[in-house]
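Shown next, in structure tokens, is the structure this report addresses.
The values are calculated or read from the model by the stated rules, or taken from the named source; none is laboratory data. Everything numeric in this text was worked out from a predicted model, so none of it was measured. Using ideal geometry, Cβ is built from the backbone for each residue, glycine included, and neighbour counts are taken over all protein chains shown.
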Amino acid sequence: MDRVFEALSSTPRRRILAYLNGGELTAGEIAARFDFSKPALSAHLRVLEEAGLVERDKRGQYVYFRLVPDRLANTVFAWVSELCPQGRPLKREGEARAKARSAADDGADAHADGDPEPEPRA
């Protein structure tokens, strides 16, 4: 989560994300929209990539970048859930349900492996 917020702390990186929201762009197309050096652009793109906010795809001599919208949405939701007074109890409830589901799945797997079903008690 920290990497995402670090990436979002920079105005140029937020602008890059806004441009990519319109569709994928080559590194050259992104560079044409800014007035800084190619190494500086590469550094910004690397931070966005390491945060999981963009993906790169090399096609021939061009490198295309595209937005990974789910990563941003999930991170912001997780952060807001922590801040929201309702968020913590909901998170605990979700974790408890996931744990119960996992335990039930483990029990079902044991029965599927040939273990006999426990006899009901009278």
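Consider only pairs whose beta carbons are under 7 Å apart and that are at least six residues apart or on different chains; among these, list those whose first residue lies in the range 1-17 and is farther than 17 Å from Arg66 by Cβ and whose second residue is assigned to a helix (DSSP H, G or I) and of a type in the set (Phe, Trp, Tyr).
That search, which allows pairs on different chains as well, returns Met1/Trp79.
Check Thr75 against each of (1) modelled with pLDDT of 80 or more; (2) in contact with a helix residue (DSSP H, G or I) (Cβ under 8 Å, 6 or more places away or on another chain) and name the one condition it does not meet.
Only one criterion is unmet by Thr75, namely (1).
What are the residues in the range 11-22 that are at pLDDT below 90 and over 18 Å from the mean Cα position of the chain (by Cα), if any?
Gly22
Looking at the range 54-64, is at least one residue of a type in the set (Asp, Glu), in the same structural domain as Arg14 (by TED's automatic domain parsing) and in contact (Cβ under 8 Å) with a residue 40 or more places away in the chain?
Restricting attention to the range 54-64, the residues satisfying the condition of being of a type in the set (Asp, Glu) are 55, 57.
Remaining after also requiring in the same structural domain as Arg14 (by TED's automatic domain parsing): 55, 57.
Among the residues that remain, those that are also in contact (Cβ under 8 Å) with a residue 40 or more places away in the chain are: none.
No, the range 54-64 contains no residue that is of a type in the set (Asp, Glu), in the same structural domain as Arg14 (by TED's automatic domain parsing) and in contact (Cβ under 8 Å) with a residue 40 or more places away in the chain.
Tell me which residues, restricted to the range 26-74, are in contact with a Lys or Arg (Cβ under 9 Å, 6 or more places away or on another chain), in a helix (DSSP H, G or I) and surrounded by 14 or more Cβ atoms within 10 Å (Cβ to Cβ).
Passing the criteria: Ala27, Ala31, His44, Leu45, Val47, Leu48, Glu49.
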